[in-house]
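Quick notes on the structure that follows.
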Amino acid sequence: MGATTIGALIGGVIDSMSGDDSAADGAIYGAITANVLKVVLPLAVTYAVGWAVLRGAAELKEKAFGSSEKAA
């Protein structure tokens, strides 16, 4: 099953728990949310990993070469 289908099923179930007649609007919101998360989550993880690598590289450079500030 795709993420869109699972999102629609979960959204429909949550919406039907509130006592509404139809779970279709919850299924639509769930499918939209699943599609948005398929784009946003990989971008957020990629940004976080890149930030961590750059931060680690900066600390490694500082340990290897010392402080980059010159004493006056």
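So here's what we get for this one:
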{"item": "In the range 6-17, the residues that are open to solvent by less than 80 Å² (accessible area, probe 1.4 Å) and either free of Cβ contacts under 8 Å to residues at least 12 places away in the same chain or among the charged types (D, E, K, R) (or both)", "result": "15, 16"}
{"item": "Neighbours by Cβ (under 8 Å, 6+ apart or cross-chain): first from the range 46-68, free of Cβ contacts under 8 Å to residues at least 40 places away in the same chain; second surrounded by 10 or more Cβ atoms within 10 Å (Cβ to Cβ)", "result": "68/62"}
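The values are calculated or read from the model by the stated rules, or taken from the named source; none is laboratory data. These numbers come from a predicted model, not from an experiment. Cβ: placed from backbone, ideal geometry, glycine included. Neighbour counts: every protein chain shown. Accessible surface is based on the protein model in full, side chains and every heavy atom, while ligands, DNA and RNA are left aside. Shrake-Rupley method; radii C 1.70, N 1.55, O 1.52, S 1.80 Å.
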